[in-house]
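As structure tokens, the structure follows; a few thoughts come after it.
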Amino acid sequence: MPETLSSTERLEAFLREHGGFVRLEDLRQQGIDRRNLYALAEEGLVERVGQGLYRSTDVELCPPDDLAEAAIAVPHGVVCLTSALVYHDLTDENPSVLHMAVEGKRWGPRVISPPVKFHYFSGKAFSAGIEEVQLDGVPVRVYSVEKTLADCLKYRHKLPPGVPQAALRDYVRRRKLYADQLLHYARICRVEPLLRLYMEVLL
């Protein structure tokens, strides 16, 4: 950004270049006084949507924007379980919260919008199967289809009844079957016997 721009102009340019979102940490890195952000908030041009996270009020929200917004608020998190099924178009469920995995017992920040439910994964159960996608120019981490299916089997008692089975059924019917990958992630999640049982029925 040209040095001749005022601090407010630099902030507005940053918002335009980053999908309308800015964190207080971004201001520090850009050398922008946070008072400029608070001034825009008083004018109704930006609004606080999470801990240290602001969004331009010009941004129109839709489900992908929710994922992008959560990814900015929780950059170390990974979209998981029912929310990942929604992203991969493998469920008709419409969860009232966005499900994100964080590593170990790491606490996620308090997120005002969208509401986020955190799940604590560890080791390979956290690190395996992460894909990075771009939504509105924002990098969003989400588990792959096969890893998501294994996770849903592992945490089936925390999901609405029948969701993992229905997702597996849709996966088999609508997609090329990657059995090796499914089994790989099922071993990591320690649900290989259960997966094999379901697959015997579906195939």
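The values are calculated or read from the model by the stated rules, or taken from the named source; none is laboratory data. Computed from a predicted model, the values in this text were never measured in an experiment. Counting neighbours? That spans all protein chains shown, and the Cβs are built from the backbone with ideal geometry, glycine included. Remember, those area values only see protein heavy atoms, side chains included, never the ligands or the DNA or RNA. Shrake-Rupley method; radii C 1.70, N 1.55, O 1.52, S 1.80 Å.
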### Message
Give me the tail of P(r) for the chain as a percent: Cα-Cα pairs with distance above 32 Å.
### Response
26 percent
### Cβ charges +1 (Lys, Arg) and -1 (Asp, Glu), total dipole of the chain, debye
1200 debye
### Task
Please work out how much length the chain gains when fully extended from residue 33 to residue 16, using 0.36 nm per residue of separation minus the C-alpha to C-alpha distance, in nm with one decimal.
4.4 nm
### Message
If you restrict to DSSP beta bridges whose two residues both lie in the chain, what percentage is antiparallel, to the nearest 5?
### Response
70 percent
### Summary
For residue 176, counting only aspartates and glutamates whose alpha-carbon sits under 18 Å away and dropping same-chain residues fewer than eight positions off, the answer is 89, 146, 200
### Message
Can you tell me the length gained on complete extension of the stretch residue 92 to residue 157, counting 0.36 nm per residue apart and subtracting the Cα distance?
### Response
21.6 nm
#### Entry: Accessible area of the chain divided out per residue, in Å², using a probe of 1.4 angstrom
54 Å²
### Positive-end extreme of charge dipole, the chain - chosen from 36, 120, 73 (charges on Cβ)
120
### Message
Once you order the gyration tensor axes a ≥ b ≥ c over the Cα atoms, which shape class does the range 113-203 get: rounded for a/c under 1.5, otherwise prolate or oblate by comparing a/b with b/c?
### Response
prolate
### Task
Answer with one residue from 95, 21, 168: the one whose Cα lies farthest towards the positive end of the charge dipole of the chain, charges on Cβ with Lys, Arg +1 and Asp, Glu -1.
168
### Task
Per DSSP H run of n ≥ 4, the term is -39500 (n - 2.57); total these for the chain, divide by its residue number, and report the mean residue ellipticity at 222 nm rounded to 500 deg cm²/dmol.
-13000 deg cm²/dmol
#### Entry: Where 8, 91 fall by accessible area, highest first, once all protein chains stay in place (1.4 Å)
8, 91
